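Visitor: Below is a structure I'd like to ask you about.
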Amino acid sequence: MVQRRNQNSLFYGVDRLLVLIYVLLVIMGWLNIYAAVYDEEHQSIIDTSQKYGKQLLWIFSAAIIAFSILLIDANFYTAFAYGFYAVFITANVLVIFLGKEIKGSKSWFRFGDFGLQPAEFMKFATNLALAKFLSNQNISITHRIGFKLKQIIKYYRNTFWALCIIVAPLVIIILLQNETGLAIVFLAFIIVLYREGLNVGFIIFGIMVTILFVLSLAFSQIYGLLIVLAAMAASVLLFVKRTRANVIAVVAVYLLAASVVLGTNYAYNHLEAHQKVRIDVLLGRGEVNMKKEGYNVNQAMIAIGSGGFSGKGYLQGTQTKYDFVPEQDTDFIFCTVGEEWGFVGSTVVIFLELLLILRLITLAERQRSDFSRIYGYGVSAILFFHVAVNIGMTIGLMPVIGIPLPFFSYGGSSLWSFTILLFIFIKLDANRLLVLR
Amino acid sequence: MSNNASLSGRKYFIGGFFVLVAFIYVLRLFYIQVINDKYKLDAQNNAFRYQTEYPMRGYIYDRNGKILVYNEPSYDLLVIPREAKGCDTLSLCETLQITKEEYLKRMKKASQAPNSPRKQSVFEKQMSAETFAALQEKMYRFKGFFVQKRAVRKYPKPVAAHLLGYVSEVSKAKTEKDPYYKEGDYIGMSGIERSYEDALRGKKGVQIAITDVHNKIIGKYMDGKYDTMAIQGKPLYCTIDRDLQEYGEKLMQGKKGALVAIEPSTGEILCIISAPTYDPNLLVGGKERARNFSRLYADTNSPLFNRALQAMYPPGSTFKLIDALIGQNDGVIKRSTSFPCAQGYPPMGGKPKCHPHAPVDLVGSVAQSCNSYYSYVFREIVDQKKYPTFVEGYNHWRNTVMTFGPGTHLGTDLPYDKPGNVPSVPYYNKVFGKNGWRSNTIVSLGIGQAELLLVPLQMANVVATIANRGFYYIPHCVKGVGTEKTIDKKFTEKKYVAVQNQEAYTNVIDGMQMCFDAGTAYYSRVPGVVACGKTGTAENPHGKSHAVFMAFAPRENPKIVIACLIENAGFGGVWSAPIVSLMIEKYITGKVTRPELEKRMMEVDLIRGKNLITTEYH
């Protein structure tokens, strides 16, 4: 009897650690938003003219959303996975026509003082659709590598469709809404594909391309780089047997590498000025004006660096208080943590986010149904990408890309989106004994 | 499932990767937060202050290098309200001589939108040097307050107010449109200050200072690495002759009207006067400026109104010069042509009226300013046989007139100039109906009346064109910007008018010379200078006619052209001609030999109707 009642409880099977970390992060996030916006004139915490007041409303509504998700039958999410995907793809297209332009991109629906960004909700929808697709028993993306056209089509058809599910929202959000930051988040799903069997060759290939990409950006002399690569190719030929096949392979690899280098250089030269500058800032390339272009990152690092080992104390940060750091309540919220809570606080935040992400992997692995596992990995990958890029940019390890720190940054859309993303998985995990697809 | 089992090993790679990235980040944080001192600041209780360093506006010089405008330092008191807690309010109020209520009112204003308690706002504008000195000693007691050095405009001679324009605080709309301007910045609002704002304003600098809890600056942020210096505005070299301008303003005092003098060989404006004028020093400074401005604004004689550019007057008889030129150019009249005059234009029953004079040829018609003559000339031009209808003839006349400037913006470098008016065919069709008008309906255009309107600058430009015999340079008042003295290319290009018949010019100029020698300006002959002129008496619906006079001198290689209009002063020969004559004498010979005339002109007060001599004839 006791067992029965427990099973019917809303919280039956809910992973307490995940919920605990979630609650901790949200509370810490709010405290830091309060500090970032802090102002002696507005001290009431529920003043909705201030961002921390609004954030309280967002937090309460997120809690309601979380409960609602737990109430709904887990089968609902598998059944409507493609439905969600279609709805949000449509919303993301519609926002271009109905949305309000803010800072050069049309990606917001406005409702009075509050705004919603459909691109944020695309994340969980894409994750559902991808999980639905990959959990189909007839579909697998694990394959041998083949080189004949027929084989390629046969082996990689499913991989291709999976990639389409990921890339479609990315393209819509970049091209139509001009929100590069929000869009490239979808690249995180590559991690899910890897877990689901994507050939390591792709990953290695991707890493190599990335290295070449960074190298060709870091060296202003790209022709020098091409010569070095040619020398490397030649030396490889010195050590291997110079059969016809080997020579062709080495030359082909070299040509591929060269085209990546030249392509990167071409793309860089055709980037918009502000995007170019962000890359320059990161790589310390050329003459970066620290007062202007390098300002954000430099100020962010000064704020974090000035926090020292244990921080200046809550509400005592001068860098963030005096508006040196831009977007300090949203994308640069980590600066407030770094300045006021120091190395200790920063590490705690990183640790909590990492714990959440690792816990997600662990839970994903214990799922019976492929759908739940894949979805869990998706959540984990998305969160990881946000944390890595967001914190990375404030400490000068990543280019400045405007994406929020999960559960921490100010903003209703992102908090709702991350809450939905996470709690759908918590619900799936609570029902892990069922087989969902 | 079997598939999954073989792949589940990958979770270690994924997890390991996540941990590795987190580890790198923690190391990096340890480096920038604990090991490296580069990002450290002694931050406890420190605050930063952006101090804008305002550039000096560029100086303005006249054509001979005399200063027209320079700067004087002034001091603004700024406040950051949220830092002003615990300030010695009483002492501050005492020093500034304001009440406690006023203090609270200003603090409230500084805290509310669009200001913010955490941003600096101006508390007291343009303090005097004494107030500043008194304040400076006690600054340590005024937490949250600090002083910012500014500069205000100063005018060594109180002349050329309309030309120079004034500087005042930038409007909110402008700050929203142009990111260079922040609230409280100054911007040129009119005159040269406006049209050469970009050159004059210079570039603002900013200094980031670190202050301690006692509101004391303790150092520069990052050793001034991010500071920028203010760059002074460029100097302007005007075409104005300050002495001539001053002399002209003295002659024009007590009158309403305008006087414009141009050097015809360059198009450079030598002086440009709108009367009544005001002392430009009145529109400088904080409180006084506002008070003076509203006083000037309310003055029924509109001293703020720049008549030289914006008042559109009928040119009256001076316009006959253009008719004479067009008539000869079209071949409808020549030097010997004469027309009947019966103290009026006979075909229209003696209207327009004329004054009694001996029969005249072309030269005489200019000198004697015969109304009947130019009624004939106008109709001959408009009703020429070569045009199928008189409407086309009228358009020909209108287009030719407009090449002299009337009805167009000349493109001068002063802001807000009016185009004047040469009525169009559609306009008359509207007034009289499509077939309801003929050349005789509008004959008074020929003598510069009816709807024909020019601004004084355009009148001067017409004389300049005649003095140059067929071309003009766009009148302008700045010779060079900055030490390299650049100038817009358009001011060095000759503009040719539609009449290029040199004989026509000679005949008209002969008439203009005779105007001084034996015509309507006989009593205003310029001693020792061969001058050419034309009187005008512009009838207008606002009362007594405006006195118009335009002239150039000397006849050969003209150095100066002048157009002068005095409102409601009656006949042009009585008031405008003597003033122009004195101006020419002063400019060409450097001295004035007629002190009595000079005295009479300077002392007369036409605005209040004293000492008004009028002669009612045309």
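The values are calculated or read from the model by the stated rules, or taken from the named source; none is laboratory data. Remember, it's a predicted structure, so these values are computed and weren't measured experimentally. Every residue, glycine as well, gets a Cβ built from its backbone with ideal geometry; the counts of neighbours run over all protein chains shown. Quick note on the areas: whole protein, heavy atoms, side chains included, nothing else; ligands and nucleic acids left out. Shrake-Rupley method; radii C 1.70, N 1.55, O 1.52, S 1.80 Å.
Visitor: Starting from the range A:191-220, keep only residues that are part of a loop (DSSP other than H, G, I, E, B), then list their pairs with residues that are of a type in the set (Lys, Arg) whose Cβ atoms are within a distance under 7 Å, requiring at least 6 positions of separation or different chains.
Guide: Note: pairs meeting the criteria are A:220/A:285.
Visitor: Another question, if that's okay. When you scan the range B:502-528, how many residues do you find that are open to solvent by 50 Å² or more (accessible area, probe 1.4 Å) and either in contact with an Asp or Glu (Cβ under 9 Å, 6 or more places away or on another chain) or over 18 Å from residue B:317 (Cβ atoms) (or both)?
Guide: Count: 5.
Visitor: Every residue in the range A:360-392 that is assigned to a helix (DSSP H, G or I), out of contact with any helix residue (DSSP H, G or I) (no Cβ under 6 Å at 6 or more places or on another chain) and of a type outside the set (Gly, Ala, Ser), please.
Guide: A:362, A:370, A:386, A:389, A:390 - these are the residues of the range A:360-392 that are assigned to a helix (DSSP H, G or I), out of contact with any helix residue (DSSP H, G or I) (no Cβ under 6 Å at 6 or more places or on another chain) and of a type outside the set (Gly, Ala, Ser).
Visitor: Assess whether residue A:388 counts as being more than 7 Å from chain B (Cβ to nearest Cβ) and open to solvent by less than 20 Å² (accessible area, probe 1.4 Å).
Guide: Against the criterion (more than 7 Å from chain B (Cβ to nearest Cβ) and open to solvent by less than 20 Å² (accessible area, probe 1.4 Å)), residue A:388 does not qualify.
Visitor: Could you list all residues from the range A:365-374 that are facing another protein chain (nearest Cβ under 10 Å), closer than 17 Å to residue A:133 by Cβ and either under 22 Å from the mean Cα position of the chain (by Cα) or free of Cβ contacts under 8 Å to residues at least 24 places away in the same chain (or both)?
Guide: If the condition is that a residue be facing another protein chain (nearest Cβ under 10 Å), closer than 17 Å to residue A:133 by Cβ and either under 22 Å from the mean Cα position of the chain (by Cα) or free of Cβ contacts under 8 Å to residues at least 24 places away in the same chain (or both), then A:373 is the only one that fits.
Visitor: Of everything in the range B:210-248 that's surrounded by 14 or more Cβ atoms within 10 Å (Cβ to Cβ) and of a type in the set (Lys, Arg), which residue is modelled with the lowest pLDDT?
Guide: B:220
Visitor: Could you list, in sequence order, all residues of the range B:555-581 that are buried (at least 24 other Cβ atoms within 10 Å of the Cβ), assigned to a helix (DSSP H, G or I) and not hydroxyl-bearing (Ser, Thr, Tyr)?
Guide: Listed by number, the residues that qualify are B:572, B:573, B:575, B:577, B:579, B:580.
Visitor: Just give me the residues in the range A:194-206 being within 11 Å of chain B (Cβ to nearest Cβ) and over 15 Å from residue A:379 (Cβ atoms), in sequence order. Quick ask: steps written out before the conclusion?
Guide: Our first condition is that a residue be within 11 Å of chain B (Cβ to nearest Cβ); within the range A:194-206, this holds for A:194-198, A:200, A:203.
Listed by number, the residues that qualify are A:194, A:197, A:198, A:200, A:203.
Visitor: Quick check on my filter: what residues within the range B:116-139 are within 21 Å of residue B:149 (Cβ to Cβ) and not in a helix (DSSP H, G or I)?
Guide: Of all residues in the range B:116-139, those within 21 Å of residue B:149 (Cβ to Cβ) come to B:119-139.
Within the range B:116-139, B:119, B:120, B:121, B:122, B:123, B:124, B:125, B:126, B:127, B:128 qualify.
Visitor: I would also like to ask the following. Scan B:154, B:119, B:143 and give me the residue that is within 25 Å of residue B:208 (Cβ to Cβ), surrounded by fewer than 21 Cβ atoms within 10 Å (Cβ to Cβ) and in contact (Cβ under 8 Å) with a residue 60 or more places away in the chain.
Guide: B:143
Visitor: Also: How about the range B:391-418: which of its residues are closer than 24 Å to residue B:166 by Cβ and not acidic (Asp, Glu)?
Guide: Answer for the range B:391-418, where residues must be closer than 24 Å to residue B:166 by Cβ and not acidic (Asp, Glu): B:409, B:410, B:411, B:412, B:414, B:415, B:416, B:418.
Visitor: How do the pairs read when you match residues in the range A:110-124 that are assigned to a strand (DSSP E or B) and small (Gly, Ala, Ser) with residues anywhere that are open to solvent by 20 Å² or more (accessible area, probe 1.4 Å) and modelled with pLDDT of 80 or more, using Cβ under 7 Å and keeping only pairs 6 or more apart or on different chains?
Guide: Here the result reads A:115/A:108; A:115/A:109, each pair linking the range A:110-124 to a residue that is open to solvent by 20 Å² or more (accessible area, probe 1.4 Å) and modelled with pLDDT of 80 or more.
Visitor: Given (1) touching a residue at least 24 places away in the same chain (Cβ under 8 Å); (2) under 21 Å from residue A:396 (Cα atoms); (3) within 19 Å of the chain's Cα centre (by Cα); (4) facing chain B (nearest Cβ under 8 Å), identify the lone condition not met by residue A:343.
Guide: Condition (3) is where residue A:343 drops out.
Visitor: Tell me whether the range B:335-355 contains one or more residues that are under 33 Å from the mean Cα position of the chain (by Cα) and assigned by TED's automatic domain parsing to the domain that holds residue B:262.
Guide: no
Visitor: Looking only at residues in the range A:391-400 that are surrounded by fewer than 24 Cβ atoms within 10 Å (Cβ to Cβ) and not aliphatic (A, V, I, L, M), which one is farthest from the other protein chains (Cβ to nearest Cβ)?
Guide: So, considering only residues that are surrounded by fewer than 24 Cβ atoms within 10 Å (Cβ to Cβ) and not aliphatic (A, V, I, L, M), the one farthest from the other protein chains (Cβ to nearest Cβ) is A:399.
Visitor: Would you check if there is a residue in the range B:586-601 being assigned by TED's automatic domain parsing to the domain that holds residue B:531, open to solvent by less than 10 Å² (accessible area, probe 1.4 Å) and at pLDDT 90 or above?
Guide: no
Visitor: Now a separate question. On the given criteria, is residue B:266 more than 15 Å from residue B:191 (Cβ to Cβ), surrounded by fewer than 24 Cβ atoms within 10 Å (Cβ to Cβ), in contact with a helix residue (DSSP H, G or I) (Cβ under 9 Å, 6 or more places away or on another chain) and β-branched (Val, Ile, Thr)?
Guide: Details: more than 15 Å from residue B:191 (Cβ to Cβ): yes; surrounded by fewer than 24 Cβ atoms within 10 Å (Cβ to Cβ): yes; in contact with a helix residue (DSSP H, G or I) (Cβ under 9 Å, 6 or more places away or on another chain): yes; β-branched (Val, Ile, Thr): yes.
Yes: the conditions hold for residue B:266.
Visitor: Residue B:28 versus (1) modelled with pLDDT under 90; (2) facing another protein chain (nearest Cβ under 10 Å): which is the lone unmet condition?
Guide: Result: residue B:28 fails condition (1) only.
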